[in-house]
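The values are calculated or read from the model by the stated rules, or taken from the named source; none is laboratory data. Just so you know, these numbers come straight off a predicted model, no measurement behind them. Every residue, glycine as well, gets a Cβ built from its backbone with ideal geometry; the counts of neighbours run over all protein chains shown.
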Amino acid sequence: MRTALLVAALGLLAVGNSAQAAPIVYSFSGRISGELNGQAFTLSDYVLSLATDTDTVFQPRPDFRPSLYNSGLATLSFTINGVSGTFATQFNAFSVTLGSGSVQRSLVGFTEADPFGNDLIDVRDPGLQGYDLKTGIVSASNSPIDFLNFGTTFQTSAGELIFLDDDDASARFSAALSAVPEPASWAMLLVGFGLMGATVRRRARVTVRYA
């Protein structure tokens, strides 16, 4: 019985810890112009998504820029004008607040390198100030694009992708997370409860006989 309780307790502890490290998906969506595999698109719907985990988030320069947060590198997927694919190089998400007072800018975006590299897209929104990449959030629907890496050719699974400069391009950032325990944690928890159940049944079958 003690063994069963110990296994169950370890399972509960693992489930609790895994809930703190949740899967999270950072996304940009809106309308954008460019070329994909030689086909031009103009202000077409797009979604850029980066799926990772909150426990990969870190501060690369807490002494120099404490407002900067980066996620770990992950595969960046996209859907543009109904065509889906993935980028050949990995990206990470970042959040940072620059400047102060009236010139302060709070940015989120995707960049190629970890922790510093070529940005793909950034949006600016005061509501993102202090965002640490570990919670769900949605930026304003009219968040201005602070930077878009246009003119650069990106290799993707759907062909070469080039974004073009367009004043009417739009972007909205969102982050969605879910606390899903690891399968091993659930397995340990179920094994513990199974051992406890077997112990109870075994004790229930014991009969006491008097001479």
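At a glance:
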| item | result |
| --- | --- |
| Filter pass, residue 187 being at pLDDT below 95, surrounded by 12 or more Cβ atoms within 10 Å (Cβ to Cβ), in contact with a helix residue (DSSP H, G or I) (Cβ under 9 Å, 6 or more places away or on another chain) and in the same structural domain as residue 46 (by TED's automatic domain parsing) | no |
| Residue in region 44-63 that is among the acidic types (Asp, Glu), out of contact with any strand residue (DSSP E or B) (no Cβ under 7 Å at 6 or more places or on another chain) and either at pLDDT 95 or above or closer than 17 Å to residue 131 by Cα (or both) present | yes |
| Matching residues in region 43-81 - criterion: being in contact (Cβ under 8 Å) with a residue 60 or more places away in the chain and assigned to a strand (DSSP E or B) | 43, 48, 50, 69, 70, 78, 80 |
| Residue, farthest from residue 31 (Cα to Cα), within region 82-103, restricted to residues that are outside any loop (DSSP other than H, G, I, E, B) and over 22 Å from the mean Cα position of the chain (by Cα) | 101 |
| All positions within region 72-81 that are more than 16 Å from the chain's Cα centre (by Cα) and either outside the structural domain of residue 36 (by TED's automatic domain parsing) or of a type in the set (A, V, I, L, M, F, W, C) (or both) | 80 |
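Let's see how each residue does on (1) in the same structural domain as residue 158 (by TED's automatic domain parsing); (2) surrounded by 16 or more Cβ atoms within 10 Å (Cβ to Cβ); (3) in contact with a Ser or Thr (Cβ under 9 Å, 6 or more places away or on another chain); (4) farther than 15 Å from residue 175 by Cβ:
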residue	(1), (2), (3), (4)
60	yes, no, no, yes
83	yes, yes, no, yes
87	yes, yes, yes, yes
111	yes, yes, no, yes
117	yes, no, yes, yes
135	yes, no, yes, no
